[in-house]
Amino acid sequence: MSTKPEVIPLVDLQTQYQNLKPQIDAALEPVFQSAAYILGPDVERFEWEFAKFCQAKHCVTVNSGTAALQLALMACGIQPGDEVITATNSFIATAEAISFVGATPVFVDADPVTYSMDPGQLEAAIGPKAKAVIPVHLFGQPADMDPILEIAKRHKLKVIEDACQAHGATYKNRTAGSIGDVACFSFYPGKNLGAAGDAGAITTNDAAIAKHIQLLRNHGSAKKYEHEIIGHNFRMDTLQAAVLSVKLPHLAAWNEKRRELAAYYNARLSEIEGVRVPQVPSDRQSVFHLYVIEVADRQSVQAALSEAHVQWGIHYPKPIHLQKAYAHLNLGRGSFPTSERLADCIISLPLYPELRRDQQDKIIDVVALALEAASPDKKKLLTSVSS
Ligand SMILES: *Cc1c(COP(=O)(O)O)cnc(C)c1O
């Protein structure tokens, strides 16, 4: 008789649901009973709770993180022909939102230590058409905000945080979502705070921006059939607010658990030749949305993990400037060497609050064995092609 081998998923949403099933089921029931599915008190309550969690004055929910980015750009007055500076080492949504308001994304390379936008390269990307900058708090770690804010201020650029991976992360004791002019969050199911479908939010300390986004997400309307501006239908479902309000009180503990798991991975994996573990500067706290390492001989590590039924991911296999969708910008290979190098050597290991120690040990052993078996020339980490 053979038993099915245990699969270790990259993200485990089933276990989380099982742990919260009574509360989630109880929260959904009244929404169905009232049949009030759009906006309403549940959505307002979640907005109030999430603003508080982010230490921001206002929160406006929308139907995805991508919609949050698009409306944040519109509320910051970004127009066709403008340029918006962002990271090429990110999920494509950041750049898409810029393109969909008619502006052009201008990319900045990644810092080789933190993987997010290198502030040292920001100023060179700012031309006369630049109106805003979108730093991305990648993998749960805040971007280096102080130099970014200082440069943005000098050049009169709005600062929009892409905090879609960073619910609860802190930078010099400020919480992601309260640092720039406006911030965007995603509640895509696999994010640290995930809905049962697509959802998102913006947070801001600026009442005018919040008001503008409230109008933009709901046909430009604050009062039924009165339309002050031309808007969208980007509302978040009431059912999602009910789910998110059940999960939010657990988020701080989940983030803490992710940090503990990451610290254990770091301690053991940093002993292995051919692995570079994530580094978090002491002025920030990551919420480890993803646990991303650099490895020598990625192919062998991928094959060994798959063989052992351990799921892995690559975030991301191709920087945005090399995507076909952005071929018209004519940015070839060599434009952003750090981001290009990372795409070739990073791998994401399973990380979620419910991950067990024995599962972690198994994952680490598989990585160690794969790299031990690699030939000496494949044990060296890739270094940047530029310097
Ligand atoms: C998930 C994500 C988005 C988009 O969020 P959606 O809710 O999927 O639209 C944007 N930026 C980053 C960095 C993300 O990780």
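The values are calculated or read from the model by the stated rules, or taken from the named source; none is laboratory data. In this text, all values refer to a predicted model and were calculated from it rather than measured experimentally. For neighbour counting, all protein chains shown are included, and Cβ atoms are generated from backbone atoms with ideal geometry for every residue, glycine included. What goes into the accessible areas is simple: the full protein's heavy atoms, side chains included, and nothing from ligands, DNA or RNA. Shrake-Rupley method; radii C 1.70, N 1.55, O 1.52, S 1.80 Å.
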Among K153/K257; K129/K324; K191/K379; K129/K380; K153/K223, which pairs are too far apart, with a Cα-Cα distance over 31 Å?
K153/K257; K191/K379; K129/K380; K153/K223
Which whole-Hz ³J(HN,Hα) couplings does region 29-39 yield from phi under the Karplus relation 6.51 cos²θ - 1.76 cosθ + 1.60, θ = phi - 60°, glycine and proline marked x?
3, x, 5, 5, 4, 7, 6, 9, 9, 10, 6
For A199, which sequence-distant residues (separation of 5 or more, or a different chain) have an amide H within less than 5 Å of its own amide H, given hydrogens modelled in the peptide plane?
G65, F187, Y188
Convex hull volume of the Cα atoms in region 332-387, per residue, in Å³?
107 Å³
Name the GluC sites (Glu not before Pro) in region 1-47 that are in a loop by DSSP and that have at most 12 other C-beta atoms within 10 Å, would you?
E6
For K4, which lysines qualify as cross-link partners when the Cα separation must be under 21 Å and same-chain residues fewer than eight apart are set aside?
K362
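I'd like to compare 371-383, 130-142: which one has the highest average count of other Cβ atoms within 10 Å, and what's the full order after that?
Values: 371-383: 13.1, 130-142: 26.7.
Peptide ranking by packing, descending: 130-142, 371-383.
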In region 108-208, carbon and sulfur make up what percent of the accessible area (probe 1.4 Å)?
52 percent
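If you average 1/r over every pair of different alpha-carbon atoms in the chain and take one over that average, what Kirkwood value in Å do you get? Before the final figure, lay out each step's value.
Working: mean 1/r = 0.0461 Å⁻¹.
Result for the chain stands at 21.7 Å.
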In Å², what does the accessible area per residue of region 1-119 work out to with a 1.4 Å probe?
47 Å²
Where only protein heavy atoms count, and the probe is 1.4 Å, what is the accessible area per residue for region 230-387 in Å²?
46 Å²
Most fluctuating of A368, A163, A303 in the GNM of the chain (C-alpha, under 10 Å) is A303
Backbone N within region 345-365 under 11 Å of label point (7 Å from K4 Cα along the Cβ vector)
none
Low-density loop cleavage sites - trypsin sites (Lys or Arg not before Pro) in region 147-199, where at most 15 other Cβ are within 10 Å (DSSP):
K156, K172
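What net charge do the residues around G332 carry, taking every other residue with its C-beta under 13 Å from that of G332, with Lys and Arg at +1 and Asp and Glu at -1?
On the way: positive: K318, K324, R333; negative: E340.
The answer is +2.
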Integer Hz, Karplus 6.51/-1.76/1.60 couplings in order for region 97-110, x for Gly and Pro
4, 4, 4, 6, 9, x, 8, 10, x, 10, 9, 10, 6, 8
Within region 234-248, find all residues whose amide N lies under 18 Å from a label point positioned 7 Å from the Cα of F100 along Cα-to-beta-carbon.
234-237
Hey, got a sec? Which GluC sites (Glu not before Pro) in region 202-303 land in a DSSP loop and have at most 16 other Cβ atoms within 10 Å?
E228, E271, E273
With unit charges on the beta carbon (Lys/Arg positive, Asp/Glu negative), name the residue among P249, V60, A222 whose Cα is farthest towards the positive pole of the charge dipole of the chain.
A222
Would you mind telling me the share, in percent, of accessible area of region 255-377 contributed by carbon and sulfur at probe 1.4 angstrom?
49 percent
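What is the gain in length, in nm to one decimal, between E228 and Q299 on full extension, counting 0.36 nm per residue of separation less the C-alpha to C-alpha distance?
Working: separation 71, 0.36 × 71 = 25.56 nm, distance 5.54 nm.
Value of the extension gain: 20.0 nm.
So how much slack lies between K57 and K379, counting 0.36 nm per residue of separation and subtracting their Cα-Cα distance, in nm? Don't skip to the answer; put the middle values down first.
On the way: separation 322, 0.36 × 322 = 115.92 nm, distance 4.94 nm.
The span from K57 to K379 would gain 111.0 nm if fully extended.
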So for region 64-126, Kirkwood radius off the Cα pairs, Stokes-Einstein at 25 °C and 0.890 mPa s: how many µm² s⁻¹?
204 µm²/s
